[in-house]
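Worksheet for the structure shown next.
Just so you know, all these numbers are worked out from the coordinates, no wet-lab data involved. Fair warning: this is a prediction, and the values are worked out from it, not measured in the lab. Cβ placement follows ideal geometry from the backbone for every residue including glycine, while neighbour counts extend to all protein chains displayed.
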Amino acid sequence: MSEKTWKEIPIGGVIEDAGNAVTYETGSWRTYRPIWFADRCIQCLRCWIACPDSAIVTEDGKVTGVDYEHCKGCGICSFECPVDPKAIEMKLETDVEE
Amino acid sequence: MARRLTLTGNDAGAEAMRQIDPDVVAAFPITPQTELMHKFAEHVADGDVKAEFVLVESEHSAMSATVGAAAAGARAMTATSANGLALMWEIVYIAASYRLPIVMPVINRALSGPINIHCDHSDTMGCRDSGWIQLYSEGAQEVYDNLLQAVRIAEDPDVLLPVMVTFDGFIISHTAEVLDALEDAEARKWVGEYLPKYSLLNTEDPVTFGPLDLQDYYFEHKRQQVEGMRAAPDVIRRVGREYGELTGRPYDLLERYRTDDADLVIIALGSTCGTAKTVVDWMRDEGKKVGLLKIRAFRPFQEKEVAESLKGAQAIGVLDRSISFGAPGGPVHKEIRAALYGADCDTPIVNYIYGLGGRDISTDHIRTVFEELEKLPGSPTPEDNIRFIGLRE
């Protein structure tokens with residue numbers, strides 16, 4: 001990572017490049033991983049609305065999975081999921097990694 | 001054409017704010033807020049200004065709302081005093097570090113406790129390291145003049161730092177003085193249109209304010225603040241000169257009052273400078289070579305100019321209207337001592353702490369200081385170099 005000098009960066013900590021949070025991968029922060037089950041999902045999109053990191057991936061208005069490069073594992077998606085059994089289940093990363 | 005008015009310091013501040021007519025003013029409406037904001041609220045109610053006036057539940061919120069408005073690209077102001085400034089503390093630093101050119105009149109009053117509402121400088125001296133420019137005013141005229149200049153100083157692209165215009169509680173804030181004010185059109189032209197560097201409301205060019213800034217860049221942003229402060233003296237001087245061309249009242253960072261050939265020099269800030277000038281004139285009439293160095297800009301502090309101004313002095317008295325507990329004397333004293341270090345100066349310097357909690361400072365007190373200084377030339381700084389004026393020992 002090439003770090004810039006104080007003369008080369010915008011003042012006041014302002015970020016001039018809007019939406020660049022996408023380049024900052026926060027997936028490694030995760031302890032619990034949301035696992036999405038397509039067969040249980042009723043496409044209500046509550047998870048997509050509630051996710052604070054925009055990590056629910058959709059295509060043509062339908063959920064297709066989770067962006068694991070940015071999902072921090074907060075579990076809101078699973079909490080909000082209205083179906084039983086839930087279409088998103090939180091699993092410990094250490095249990096699903098291998 | 002100047003308008004000659006009789007106003008208290010608070011009303012002079014409100015008059016400047018009416019003419020500046022900021023886009024947003026956010027303020028806590030009850031004590032320790034002063035009549036300055038009361039008067040400005042009347043201007044809002046009477047439709048004299050277009051400012052969006054936001055009344056909030058605390059000074060912490062007042063500064064937060066002002067910061068939000070300034071980040072949105074508004075010319076934003078607030079005002080406070082004493083414990084109100086203390087409650088703003090966290091956001092005072094944030095305003096400076098986000099480089100938001102907020103202008104804030106601060107009416108200097110003692111910090112509790114015990115509870116006291118009268119003048120001293122402990123409120124603004126406490127945040128002298130917050131990254132704000134600080135201009136201290138000698139009277140109501142300077143309150144008005146400093147506020148109009150502060151807008152131009154804060155918004156200068158090389159500076160972009162918030163400015164506190166301070167004035168002594170009750171002594172200036174509640175005392176009526178005659179002053180000259182600009183016509184509205186002249187004042188509007190002087191402050192000009194504000195073109196913010198960034199605006200959160202500009203959807204064409206969206207930016208983020210206030211992101212996390214850790215080990216990798218926080219230090220660089222602090223260095224940038226140093227640079228803004230380093231650029232400020234030239235801008236303060238230029239604005240003061242241009243203001244002088246407009247009004248006949250030029251301003252500098254320091255005012256050297258009869259110091260050129262002075263053997264004994266007193267250094268002070270705020271309303272006490274007026275008292276000291278009177279004593280200097282009286283003692284000059286008696287043939288005594290005395291002078292006053294008035295510090296208008298305490299931040300940025302001009303150490304080279306201060307040292308240059310004190311070159312001929314044979315004894316120096318530094319007046320501090322606040323205490324820096326546990327430190328060698330008051331905050332002004334420490335700056336003066338630091339400025340003179342390495343300036344090939346072994347002049348004796350005595351620190352006089354005075355006026356805490358509104359304790360009166362009279363011409364007799366100032367004369368006593370000069371009389372004490374008279375005994376010092378040729379000797380080193382005395383052991384008892386931290387003294388208290390007007391205190392019952």
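In table form, for the structure just shown:
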| quantity | calculated |
| --- | --- |
| Taking the range A:35-91 and dividing mean pair separation by its residue count, relative contact order in percent (alpha carbons under 8 Å, at least six apart) | 44 |
| Among B:110, B:76, B:307, residue whose mean-square fluctuation peaks in a GNM of chain B (springs only between Cα atoms under 10 Å) | B:307 |
| Fewest-first ranking of B:60, B:333, using other Cβ atoms within 10 Å as the exposure measure | B:60, B:333 |
| Among beta bridges that DSSP assigns inside the range B:254-388, antiparallel share in %, nearest 5 | 20 |
| Contour excess over end-to-end distance, with Cα ends at residue B:364 and residue B:197 and 0.36 nm allotted per residue | 55.1 nm |
| Relative contact order computed over chain A (Cα-Cα under 8 Å; 6+ residues apart), in percent | 34 |
| Gyration tensor verdict on the range A:20-98 (Cα atoms; rounded if a/c is under 1.5, prolate if a/b is larger than b/c, oblate otherwise) | oblate |
| Cα centroid of the range B:343-393 to Cα centroid of the range B:268-302, whole Å | 13 |
| Fraction of beta bridges assigned by DSSP in the protein assembly as shown that are antiparallel (%, nearest 5) | 40 |
| Least to most buried among A:9, B:236, B:361, B:94 (fewest other Cβ within 10 Å first) | A:9, B:94, B:361, B:236 |
| Estimated FRET transfer efficiency when R0 is 51 angstrom, pair residue A:2-residue B:392 (beta carbons, to 0.05) | 0.20 |
| Lysines with Cα under 24 Å of residue B:288, excluding same-chain neighbours fewer than 8 positions away | B:277, B:311, B:375 |
| Prolate/oblate/rounded call for the range B:108-253, Cα gyration tensor, a/c under 1.5 rounded | oblate |
| Order of B:167, B:40, B:301 under a 10 Å beta carbon neighbour criterion, fewest first | B:301, B:40, B:167 |
| Dipole axis of the range B:229-295 (+1 Lys, Arg; -1 Asp, Glu on Cβ), positive-most option in B:265, B:240, B:292 | B:240 |
| Gaussian network model of chain A, springs between alpha carbon atoms under 10 Å - residue of A:67, A:17, A:39 with greatest fluctuation | A:17 |
| Long-range Cα-Cα pairs in the range B:254-388 (distance over 27 Å), rounded percent | 9 |
| Label-point separation in nm, residue A:29 to residue A:58, each point 7 Å along Cα→Cβ | 2.3 |
| Helix-only CD estimate at 222 nm, as mean residue ellipticity for chain B, using -39500 (n - 2.57) per DSSP H run (n ≥ 4) | -12500 deg cm²/dmol |
| Cα shape, the range B:3-247, gyration tensor, a/c 1.5 rule | rounded |
| Cut-off 15 Å, label 7 Å out along Cα→Cβ of residue B:212, residues of the range A:62-82 by amide N | A:70-74 |
| Extension gain, residue B:375 back to residue B:176 (0.36 nm per residue minus Cα-Cα distance, nm) | 67.8 nm |
